[in-house]
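The values are calculated or read from the model by the stated rules, or taken from the named source; none is laboratory data. A quick note: this is a predicted structure, and the numbers were derived from the prediction, not measured. Quick reminder, even Gly has a Cβ in these numbers, built from the backbone with ideal geometry, and neighbours come from all protein chains shown. Only protein heavy atoms, including side chains, enter the accessible area calculation; ligands, DNA and RNA are left aside. Shrake-Rupley method; radii C 1.70, N 1.55, O 1.52, S 1.80 Å.
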Amino acid sequence: MFIELDCPASVRKQLANLFAQALKATVPTEPDVVPLIDACIAKNGAKHADYQCNNAMSLFAKIKGKQEEFKSPRSLAEGIMKNLPPSEMIESCSVAGPGFVNIVLSKKWIAQSVQKLLTDGIDSWAPRLPIKRVMVDFSSPNIAKEMHVGHLRSTFIGDTLARMLEFCQPECLIRRNHIGDWGTQFGMLIAYLFEKYPNPDVVNESDIGDLQAFYKASKLKFDSDPDFKLNAQQSVVKLQGGDPKYLKAWKQICDISRTEFNKVYQRLGIRLEEMPESFFNPLIPPTLEKLEKLGLIEDSDGARVIFVEGVDIPLIAVKRDGGYNYFSTDLASLWYRLNVEKLDWNIYVTDVGQWQHFDMLFKAFRRAGWLPKDENEFPICTHIGFGLVSGEDGKRFRSRAAETVRLVDLLDEAKRRCKVALLERDNAKDWSEEEIEKTSEAIGYGAVKYADLKINRTTNYTFSFDQMLNDKGNTAVYLLYAHARMCSIIRKSGKDVEELKKTGTVVLDHEDERTLGLHLLQFTEVFVESCSNLLPNVLCEYLYNLSEIFTKKFYSSCQVVGSPEETSRLLLCEATLVVMRHCFYLLGIEPVYKL
């Protein structure tokens, strides 16, 4: 767990509060016992309780011989159960096995809680962070290079983590895009631009055309032409020296790249605030000077380095040629984030291969006294690593031409396949072209996102259009279809759900109604687990299980439209839609309302 969230709406938290009172009354000599409350999992299709308190065994070992009335963990569990304060949320309790206190929740209380969700909204369930200012640093493409499949995971995971943290309503949440817009490659690009267009003032975006091809052509010339290479190196010096002509060319190249990046972000519904490498360049010398005064920087083979605990190789702050590198920029940017932006939590979302880089960076700051020695004390810095995306051959995902797959091409293909599937449906003729386009985008882009997010971020996964666009199993297609089916139930009823919220009452008399209602309430504790550990896949699993419970239990056994329980069941459908849509929002997926 990276951080502890406070969530008063959580069923587990409410039960923990009750059992804290019972534990204090039962074992007054142990005042700091933390209630151990867990949701019960069905075994062989059967579940005898909703939750369980598991304190008795470990607590008995502490009090054995001190309180004679308890002869065993089971008798202690019975004592805890008897000291539970009265509560409308608990229907019954019993002791099972060696000392588990089984808890069955009141179906009336579950129904009332679902009804409260409909009237108060899902924001009333939002947990709270113990801090005010948070930053999620993600995506971070490089100028003059198109976004490719390698940016997919950082962009999707980072966006979802930002959405999850925003739900916790911090005072400030920054979605940082640390774009790579500075470095020696710009000398090469500018030199090539000036060679191709001697009068750069008249050059526009269409002249440069494909920036990726422009970059490759300049790199080819840089590697093969010594005169051009020298010219490129001199261009870097002029750019870094502030020559107006070179700065203008650099800005022109950056603007073209940004336009392309923003097209991708717009398609994916992703918001980012850019603060590129160039912003921090002037901050590098004063940051290094501060570290120098603290005695952290030393000479090593002509370079200026910082040694950190537990790592044999040093962190290179200044290269042998006097130039700066990623560490130099990250030292300056982290100093700025801690001292100017006053961030309590800095989250960096990159692949697992960069773990050591960030580990050394954070250790250098702890050595300087700029971060607390205790890694759990605020402000904290966290590297969120993720695995690689491979093709179906098990190798790094590439195109047939062995090129890195462009992210825009990948999204186009997902949309194209979804559009083909939609046009094959019987009712396709009733849809407008705009509806077809929007729905194929929602399903296609959602499928790509969900296929990534449902996997534990630390593991690698295989990219497969066939799997992610399957309408059966744990896919966005299945989930979006389930959502559309729920919407159609409400439409067919002809009832105004907003009016039903004011006049109707949720009743959970059928076993499958109760199962669905309880799962809805458990969103809060699943969200807390997902957010505190920064694991979107936990939320994905909850969403899939919710769809399964609705489709295969509730919808299969409980007639909605035209039944005596129609009002209550329509409200239960609406509550399910509220939770599903919020899960979709957190995952950055656009819901589909009809098919």
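Does I443 meet the test of being modelled with pLDDT of 95 or more, among the aliphatic types (A, V, I, L, M) and over 24 Å from L480 (Cβ atoms)?
Judged against the criteria, I443 is not a match.
Return yes or no: is T524 among the polar types (S, T, N, Q) and not in a loop (DSSP other than H, G, I, E, B)? Against the criterion (among the polar types (S, T, N, Q) and not in a loop (DSSP other than H, G, I, E, B)), T524 qualifies. Candidates are the residues of segment 111-125 that are touching a Ser or Thr at 6+ places or on another chain (Cβ under 9 Å) and not polar (S, T, N, Q); the one that is nearest to S530 (Cα to Cα) is W125. Answer yes if at least one residue in segment 335-348 is touching a strand residue (DSSP E or B) at 6+ places or on another chain (Cβ under 6 Å), of a type in the set (V, I, T) and closer than 21 Å to I179 by Cα, and no otherwise. Yes, because at least one residue in segment 335-348 is touching a strand residue (DSSP E or B) at 6+ places or on another chain (Cβ under 6 Å), of a type in the set (V, I, T) and closer than 21 Å to I179 by Cα. Taken over segment 446-456, the criterion of being open to solvent by 20 Å² or more (accessible area, probe 1.4 Å) and in a helix (DSSP H, G or I) is satisfied by no residue. I want to confirm something. Restricting to segment 362-378 and keeping residues that are in contact with a Leu (Cβ under 9 Å, 6 or more places away or on another chain), open to solvent by 20 Å² or more (accessible area, probe 1.4 Å) and touching a residue at least 60 places away in the same chain (Cβ under 8 Å), which single residue is farthest from R337 (Cα to Cα)? It comes out as R367.
Residues checked against (1) open to solvent by 50 Å² or more (accessible area, probe 1.4 Å); (2) in contact with a strand residue (DSSP E or B) (Cβ under 9 Å, 6 or more places away or on another chain); (3) among the hydrophobic types (A, V, I, L, M, F, W, C):
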{"residue": "E392", "(1), (2), (3)": "yes, yes, no"}
{"residue": "R396", "(1), (2), (3)": "yes, yes, no"}
{"residue": "K419", "(1), (2), (3)": "yes, no, no"}
{"residue": "N427", "(1), (2), (3)": "no, no, no"}
{"residue": "S440", "(1), (2), (3)": "no, no, no"}
{"residue": "G444", "(1), (2), (3)": "no, no, no"}
{"residue": "T458", "(1), (2), (3)": "yes, yes, no"}
{"residue": "Y461", "(1), (2), (3)": "no, yes, no"}
{"residue": "F465", "(1), (2), (3)": "no, no, yes"}
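If we only count strands (runs of 3 or more DSSP E) wholly inside segment 1-104, which ones have 2 or more residues that are within 29 Å of the chain's Cα centre (by Cα)?
Answer list for segment 1-104: 37-39.
If you go through segment 41-53 and keep only what is closer than 21 Å to K82 by Cβ and open to solvent by 30 Å² or more (accessible area, probe 1.4 Å), you end up with H48, Q52. Taking first residues from segment 52-70 that are within 15 Å of D32 (Cα to Cα) and partners that are outside any helix (DSSP H, G or I) and open to solvent by 80 Å² or more (accessible area, probe 1.4 Å), the Cβ contacts under 9 Å between residues at least 6 apart in sequence or on separate chains come to N55/V34; K62/T29; I63/T29.
Look at segment 305-333: where a residue is at pLDDT 95 or above and a partner is of a type in the set (S, T, Y) and surrounded by 17 or more Cβ atoms within 10 Å (Cβ to Cβ), sitting 6+ places away or on another chain with Cβ atoms under 7 Å, you get A317/S328; L331/T287; A332/T287. So for segment 405-414 (the condition being free of Cβ contacts under 8 Å to residues at least 40 places away in the same chain, farther than 21 Å from L315 by Cβ and not β-branched (V, I, T)), does at least one residue qualify? Within segment 405-414, one or more residues are free of Cβ contacts under 8 Å to residues at least 40 places away in the same chain, farther than 21 Å from L315 by Cβ and not β-branched (V, I, T).
Can you say whether T515 is among the β-branched types (V, I, T), open to solvent by 30 Å² or more (accessible area, probe 1.4 Å), part of a helix (DSSP H, G or I) and modelled with pLDDT of 95 or more, as far as the supplied structure shows? Yes, satisfied.
Selection of segment 579-595 for residues being open to solvent by 10 Å² or more (accessible area, probe 1.4 Å) and in contact with a Pro (Cβ under 9 Å, 6 or more places away or on another chain) yields R581, Y585.
Could you list all residues from segment 555-569 that are part of a helix (DSSP H, G or I) and farther than 18 Å from S113 by Cα? Walk me through how you get there before you give the answer.
Step one: filter segment 555-569 for residues part of a helix (DSSP H, G or I), giving 555-557, 566-569.
Selection gives Y555, S556, S557, E566.
Residues in segment 5-64 that are farther than 23 Å from S106 by Cα and of a type in the set (G, A, S): A25, A56, S58, A61.
Residue-level check: of (1) polar (S, T, N, Q); (2) within 30 Å of E298 (Cα to Cα); (3) in contact with a His (Cβ under 6 Å, 6 or more places away or on another chain), T382 misses just (3).
Annotation note: Cβ proximity below 7 Å between a residue of segment 75-90 that is more than 15 Å from N17 (Cα to Cα) and a residue that is in a helix (DSSP H, G or I) (sequence gap 6+ or interchain) occurs for L76/A56; L76/L59; L76/F60; A77/A56; G79/T26. Of all residues in segment 282-296, those that are over 10 Å from A317 (Cα atoms) and free of Cβ contacts under 8 Å to residues at least 40 places away in the same chain have Cβ atoms under 9 Å from Cβ atoms of residues that are open to solvent by 50 Å² or more (accessible area, probe 1.4 Å) and of a type in the set (K, R), 6 or more apart or on another chain, in E292/R304.
Is it the case that segment 213-232 has a residue that's more than 37 Å from the chain's Cα centre (by Cα), modelled with pLDDT under 90, surrounded by fewer than 16 Cβ atoms within 10 Å (Cβ to Cβ) and not in a helix (DSSP H, G or I)? Checking segment 213-232: not a single residue is more than 37 Å from the chain's Cα centre (by Cα), modelled with pLDDT under 90, surrounded by fewer than 16 Cβ atoms within 10 Å (Cβ to Cβ) and not in a helix (DSSP H, G or I).
Specify the residue that is nearest to the chain's Cα centre (by Cα); the eligible residues are those in segment 175-203 that are buried (at least 20 other Cβ atoms within 10 Å of the Cβ) and of a type in the set (A, V, I, L, M). Checking each candidate, the answer is I179.
Among the listed residues L272, L239, identify the single one that is under 30 Å from A162 (Cβ atoms) and in contact with a Phe, Trp or Tyr (Cβ under 7 Å, 6 or more places away or on another chain).
On inspection, the qualifying residue turns out to be L272.
Only one entry in S139, S87, S154 is open to solvent by 30 Å² or more (accessible area, probe 1.4 Å) and at pLDDT 95 or above, namely S87. Figure legend. Inter-residue proximity from segment 104-123: first residues over 23 Å from F19 (Cβ atoms) and in contact (Cβ under 8 Å) with a residue 60 or more places away in the chain, second residues of a type in the set (G, A, S) and open to solvent by 20 Å² or more (accessible area, probe 1.4 Å), beta-carbon distance below 8 Å, spacing 6+ or different chains. Indicated pairs: L117/S124. The condition of being modelled with pLDDT of 95 or more, of a type outside the set (F, W, Y) and not in a helix (DSSP H, G or I) holds for only one of L577, L534, L586, L539, that being L534. Close contacts from segment 535-562, counting a first residue that is closer than 18 Å to F156 by Cβ and a second that is open to solvent by 60 Å² or more (accessible area, probe 1.4 Å) and assigned to a helix (DSSP H, G or I), with Cβ to Cβ under 8 Å and a gap of 6+ residues or different chains, come to L535/E529; V538/E529.
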